[in-house]
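Here the structure comes first, spelled out in structure tokens, and everything after it is commentary.
The values are calculated or read from the model by the stated rules, or taken from the named source; none is laboratory data. Bear in mind the structure is a predicted one, so any value in this text is a computation, not a measurement. FYI the Cβ positions are ideal-geometry reconstructions off the backbone, even for glycines, and counts take in every protein chain you see.
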Number of protein chains: 2
Amino acid sequence: MITHIHHINFLVQNLENAVIQYQKLPGIGPFEFDQLEQRAVRTAKTRLGDAWLVLVQPLDKESIPARHMREHGEGFFLISLGTNNLENCLESVKKSKIGLIGSQRAGLDNWQVQDLDPKAFFSTQIQLTEDN
Amino acid sequence: MITHIHHINFLVQNLENAVIQYQKLPGIGPFEFDQLEQRAVRTAKTRLGDAWLVLVQPLDKESIPARHMREHGEGFFLISLGTNNLENCLESVKKSKIGLIGSQRAGLDNWQVQDLDPKAFFSTQIQLTEDN
């Protein structure tokens, strides 16, 4: 089952500027920089309670995150809900006729993730995750 | 300082339909329904790790949440970051020249909240909170 918010992604045009700005908030940071080639993004993440705050800068104009930013602007991209068993959760989701987008893939730090159909959640992109 | 994600708000047109849909996710729910008259919204919230997931249905077309939904559609509205001392955090934020939107107000359950200027965070509406 779902146990917590695993991470939340915000799209930004310039990762360095975004990190500087977020670190002005007391208690936010330091950020770890990374790159996720399968999604063509650079990322910077920091711990926030039991969640990660992840800033995402698209690198390739044709990637899914870049297309989302072109359509909706900078800001919220997706919320990833942490599960204690991704396979069991997905079985349950499929029984409820909630669609999946694509197939399971590796996220940052080899997090195993599966995107759900945002139409099922009133345009909110929800993803299920299990840490490996 | 900021310690965790206190709550995250998603705008929906129909609260009952949204709750039914979210509760299809294993581990999500039950939701508590409430109303916040100062913001002209109905809400349904559920615990998600150390955060609250809050679904928000605007009631008055001229309210701030309703205007946001008209402009951006359903979906992400704001992220509220929990602090252990809101006054101290706001002092620090002001020193960093980050603007505030409006003044401190009571949120759901008398949470004390202060909205920050979304322009400072690349269009993301961030709010600071302290539980009372």
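Taking into account only those residues within the range A:106-129 that are modelled with pLDDT under 95 and under 18 Å from A:R39 (Cα atoms), which is surrounded by the most Cβ atoms within 10 Å (Cβ to Cβ)?
That would be A:G107.
Out of curiosity, is B:G99 exposed (fewer than 14 other Cβ atoms within 10 Å of the Cβ) and modelled with pLDDT of 95 or more? Can you show your working first?
Numbers: exposed (fewer than 14 other Cβ atoms within 10 Å of the Cβ): yes; modelled with pLDDT of 95 or more: yes.
When the stated conditions are applied, B:G99 passes them.
With respect to B:S92, determine if the residue is polar (S, T, N, Q), at pLDDT 95 or above and not in a strand (DSSP E or B).
yes
Looking at the range A:1-14, which of its residues are surrounded by fewer than 19 Cβ atoms within 10 Å (Cβ to Cβ) and more than 7 Å from chain B (Cβ to nearest Cβ)?
A:Q13, A:N14, listed by residue number.
Identify the residue in the range B:20-47 that is in contact (Cβ under 8 Å) with a residue 40 or more places away in the chain and under 30 Å from A:V93 (Cα atoms) and, among all such residues, is farthest from the other protein chains (Cβ to nearest Cβ).
Only one residue tops the list, namely B:D34.
Residues of the range A:14-47 being within 16 Å of the chain's Cα centre (by Cα) and outside any strand (DSSP E or B), which ones? Quick ask: steps written out before the conclusion?
We begin by selecting, within the range A:14-47, every residue within 16 Å of the chain's Cα centre (by Cα); these are A:15, A:31-47.
Result: A:L15, A:F31, A:E37, A:Q38, A:R39, A:A40.
Taking A:L48, is it surrounded by 18 or more Cβ atoms within 10 Å (Cβ to Cβ) and touching a helix residue (DSSP H, G or I) at 6+ places or on another chain (Cβ under 8 Å)?
no
Of all the residues that make up the range A:96-131, how many are part of a helix (DSSP H, G or I) and charged (D, E, K, R)?
Qualifying residue count, the range A:96-131: 2.
From A:G102, A:G107, A:G73, grab the single residue that is within 13 Å of chain B (Cβ to nearest Cβ) and not aliphatic (A, V, I, L, M).
Just a single option satisfies the conditions, and that option is A:G73.
Among the residues of the range B:61-75, are any under 15 Å from B:H7 (Cβ atoms), surrounded by fewer than 20 Cβ atoms within 10 Å (Cβ to Cβ) and touching a residue at least 24 places away in the same chain (Cβ under 8 Å)?
no
If you scan the range B:48-64, which residues turn out to be within 12 Å of chain A (Cβ to nearest Cβ) and either β-branched (V, I, T) or part of a strand (DSSP E or B) (or both)? Write out each step before concluding.
Keep residues of the range B:48-64 that are within 12 Å of chain A (Cβ to nearest Cβ), which gives B:48-53, B:55-57.
Across the range B:48-64, the qualifying residues are B:L48, B:A51, B:W52, B:L53, B:L55, B:V56, B:Q57.
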